[in-house]
1. Just rank K124, K142, K59, fewest to most, by other beta-carbon atoms within 10 angstrom.
2. Looking at P136, N48, G78, which one has the Cα that reaches farthest to the positive end of the dipole of the stretch 26-162 (charges on Cβ: Lys, Arg +1; Asp, Glu -1)?
3. Near the amide H of N48, under 5 Å away, which other amide H atoms are found, from residues 5 or more places off or on another chain, if H is placed in the peptide plane?
4. Only Cα pairs under 8 Å and at least 6 apart count here; give the relative contact order of the stretch 52-165 as a rounded whole percent.
5. Can you list residues from other chains, or at least 5 along the same chain, whose modelled amide H is less than 5 Å from the amide H of F100?
6. For N48 and N149, compute 0.36 nm times the residue count separating them, minus their Cα-Cα distance, and round to one decimal in nm.
7. Tell me the net charge near L139. Cut-off is 10 Å between Cβ atoms, L139 excluded, with +1 for each Lys or Arg and -1 for each Asp or Glu.
8. Magnitude of the Cβ-charge dipole of the stretch 32-164, K/R +1 and D/E -1, about the Cα centre, nearest 20 debye?
Amino acid sequence: MKKTFFALVTATFFLQACEGPAGPPGPAGADGLIGEVHEVKATFTSANNYGVDFDFNPKIVASDKVVGFILEGEDNQGNDNWEPLPQTFFDNGNTYVYTFNFSLTGFTLFLDGNANPGLIPSGKRTDRIFRMLIVPAALAGKADLTNMNDLMARMGVSHSDIIIH
């Protein structure tokens, strides 16, 4: 009898709901996700060891992700073609790659390959345009990280918001 009574009291305790007045509203949050787009021009030479450094100011949040794109000309309607990094290309039987790494305070763009990058035509090494997107962690797992225009739209970043270095 005691076991039945104890089971009944315990079940009543767990099945009971509590109600009360609504709590105070939470603090105001940001409207949407906060991301940034940085556009940089890089020239890769033997003097800079085919790598160019850029700073984030202020530094980024540790949970954010950085994705990069390189401008590779225009389509037949005059729209820019942005290719995701890393980007591999071939020249005279050699393989080269534009790639990058990043930290909380900045990023480095690299031109690397299986042969001397100085042998590549200057158009592939000088004044190359890149866009680096700081993608909020909440968006990084839900978006196509290879589509720059989609990422910018999801982050609410327009072309006028791009930070030019």
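1. Ranking K124, K142, K59 by Cβ neighbours within 10 Å, fewest first, gives K142, K59, K124.
2. N48
3. none
4. 29
5. Amide H neighbours of F100: F110.
6. Length gained between N48 and N149: 33.3 nm.
7. +2
8. 280
Where a number appears in this text, it was derived from the coordinates with a stated rule and is not lab data. Since this is a predicted model, take the numbers as computed values, not measurements. Methodologically, a virtual Cβ is constructed for each residue, glycine included, from the backbone with ideal geometry; neighbour enumeration extends over all protein chains shown.
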